[in-house]
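Q: Before we start, here is the structure in question, set down as structure tokens.
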Amino acid sequence: MVIFVLTLIVVAGAFALYQWGGDVLIKEATPKGHFEAVEPGGGPDYTLASSWAARPGLANDPALWLPDGVTQPTSGKAAVFFIHPTTYLDTDRWNAPLDAVGETGWRTNLFVQSQASAFNGSGEVWAPRYRQAAFGAFLLDTPDARSALDFAYRDVAAAFDQFVKEAGDRPIILAGHSQGALHLMRLLREKVAGKPIARRLVAAYVVGWPIDTASDLPAIGIPACANQGQTGCILSWMSFGEPANPSLILDQWKRSRGLTGAERKPDQILCVNPITGTTGGAAPPEANPGTLVPTANFSSAKLEGGQVGAQCRDGLLVVDGQVPPLGPFVLPGNNYHVYDYALFWGAIRRDAERRLAAWH
């Protein structure tokens, strides 16, 4: 059971684990000691290639990966900023070191490879290494935990500033998953909405983190994507199988206040179907251009089309059809959080390219 739980932490990131939150698990997962701030000026230097997991010109760039049989088209004109999910599992500190290697480095590379690669047909991808909050930061609402998340966001914000400098006047695509999606929500609110750069936003893929359309979205300042031709908008979804039971996630979430200060409600969660590109959309399996199906050791993957359909229902993206064998990491309640990108890799790729073509 311990191995199983730790495996879930690895692949699902901190957000899903937060919802279990038993006393024993909290005790084991909480980082030791208290959060310690570093001196000003000690952050990563994003002018250096070593501060990035992916960026143009980087050797062995994982964001350039493609599934078996998929050929790389001419790269689009966009610049893509991707924020990876939680990959640091140790409890020795509240935030990961920037140069984390070993299993953390391997997991980071894997997530960038399998998720950010969906956008490499639309343009060049930047994915920063950042001093991510340890997964235990999501288990408690404490000053230490809040400080760890704020600390991680400061790195993300600094990386985004450098990305904007290097992207020039190109259209931009922003994307993240789990912890990355949480930071992306804040980034949109503080550095994009209402600013000149918002005119260059093709779309923002805020995946694997709930957004309340009434108490969060107005404060973020970017609208939801109502249709597949819309630009400058947000796509967000959380994937579940049948029967979907999101109580482990939403029982805690709905007790919190949204970014506007209003209460959060499960029936107000934003769901944009990545297959149709519409808010509240539904699509049969044959409309899905490709699910990413990995080998057992994750050394490669193939794209299988026409297998998985999906419909937005009560704020959740509920999958149907014949889900391929993706691995053993479906969370309680038929939660496909781990596979939010993999289930719809081909559709996400198509959606980004379609919105880029519509951008002007």
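The values are calculated or read from the model by the stated rules, or taken from the named source; none is laboratory data. These figures come from a predicted structure and were not determined experimentally. Heads up, the Cβs are rebuilt from the backbone with ideal geometry, glycines too, and the neighbour counts pull from every protein chain shown. Calculation scope for accessible area: heavy atoms of the full protein, side chains included, ligands and nucleic acids excluded. Shrake-Rupley method; radii C 1.70, N 1.55, O 1.52, S 1.80 Å.
Q: Scan the range 291-350 residue by residue and report those that are among the polar types (S, T, N, Q) and either open to solvent by less than 30 Å² (accessible area, probe 1.4 Å) or modelled with pLDDT under 90 (or both).
A: THR291, THR295, ASN297, SER299, SER300, GLN322, ASN335
Q: Could you check the range 42-56 and list, in sequence order, the residues that are modelled with pLDDT of 95 or more and part of a loop (DSSP other than H, G, I, E, B)?
A: Correct list: ASP45, TYR46, THR47, LEU48, ARG55, PRO56.
Q: Go through the range 332-360 and count every residue that is aliphatic (A, V, I, L, M), in contact with a helix residue (DSSP H, G or I) (Cβ under 6 Å, 6 or more places away or on another chain) and under 20 Å from GLN179 (Cβ atoms).
A: Within the range 332-360, residues that are aliphatic (A, V, I, L, M), in contact with a helix residue (DSSP H, G or I) (Cβ under 6 Å, 6 or more places away or on another chain) and under 20 Å from GLN179 (Cβ atoms) number 2.
Q: I've got another one for you. Suppose we keep only residues that are over 14 Å from LEU184 (Cβ atoms) and among the small types (Gly, Ala, Ser) within the range 199-218. Which one would you say is most open to solvent (accessible area, probe 1.4 Å)?
A: Filtering the range 199-218 for residues that are over 14 Å from LEU184 (Cβ atoms) and among the small types (Gly, Ala, Ser), the one most open to solvent (accessible area, probe 1.4 Å) comes out as ALA214.
Q: So which pairs qualify, if the first residue must be in the range 88-107 and modelled with pLDDT of 85 or more and in a loop (DSSP other than H, G, I, E, B), the second must be buried (at least 17 other Cβ atoms within 10 Å of the Cβ) and among the aromatic types (Phe, Trp, Tyr), the Cβ gap must be under 9 Å, and the two must be at least 6 apart or on different chains?
A: TYR88/PHE135; ARG93/PHE35; TRP94/PHE35; TRP94/PHE151; ALA96/TYR88; ALA96/TYR130; PRO97/TYR88
Q: Within the range 280-289, can one find any residue that is part of a loop (DSSP other than H, G, I, E, B), out of contact with any helix residue (DSSP H, G or I) (no Cβ under 9 Å at 6 or more places or on another chain), buried (at least 22 other Cβ atoms within 10 Å of the Cβ) and without any contact (Cβ under 8 Å) to a residue 60 or more places away in the chain?
A: no
Q: May I pose another question? Among the candidates ALA127, ALA118, ALA133, single out the residue that is over 24 Å from GLY168 (Cβ atoms), touching a helix residue (DSSP H, G or I) at 6+ places or on another chain (Cβ under 7 Å) and of a type in the set (Gly, Ala, Ser).
A: Exactly one residue qualifies, and that residue is ALA133.
Q: Which strands (runs of 3 or more DSSP E) sit wholly inside the range 153-262 and have at least 1 residues that are touching a Leu at 6+ places or on another chain (Cβ under 6 Å), touching a residue at least 24 places away in the same chain (Cβ under 8 Å) and over 27 Å from ALA53 (Cα atoms)?
A: Once the strands (runs of 3 or more DSSP E) in the range 153-262 are filtered for at least 1 residues that are touching a Leu at 6+ places or on another chain (Cβ under 6 Å), touching a residue at least 24 places away in the same chain (Cβ under 8 Å) and over 27 Å from ALA53 (Cα atoms), nothing remains.
Q: For the subset of the range 94-112 comprising residues that are within 17 Å of GLY180 (Cβ to Cβ), more than 13 Å from the chain's Cα centre (by Cα) and not hydrophobic (A, V, I, L, M, F, W, C), which member is most open to solvent (accessible area, probe 1.4 Å)?
A: ASN109
Q: Please pick out the residue among SER247, SER236 that is surrounded by fewer than 19 Cβ atoms within 10 Å (Cβ to Cβ) and of a type in the set (Ser, Thr, Tyr).
A: SER247
Q: Let me spell it out: the conditions are (1) more than 24 Å from ALA357 (Cα to Cα); (2) part of a loop (DSSP other than H, G, I, E, B); (3) of a type outside the set (Ser, Thr, Tyr), and ILE275 meets all of them except one. Which number is the exception?
A: Checking ILE275 against (1) more than 24 Å from ALA357 (Cα to Cα); (2) part of a loop (DSSP other than H, G, I, E, B); (3) of a type outside the set (Ser, Thr, Tyr), the one that fails is (1).
Here is a yes/no grid of residues against (1) open to solvent by less than 10 Å² (accessible area, probe 1.4 Å); (2) within 23 Å of THR87 (Cα to Cα):
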position: ALA148; (1), (2): yes, yes
position: ALA159; (1), (2): yes, yes
position: GLY168; (1), (2): no, no
position: ILE172; (1), (2): yes, no
position: GLY176; (1), (2): yes, yes
position: GLN179; (1), (2): yes, yes
position: LEU184; (1), (2): yes, yes
position: LEU188; (1), (2): yes, yes
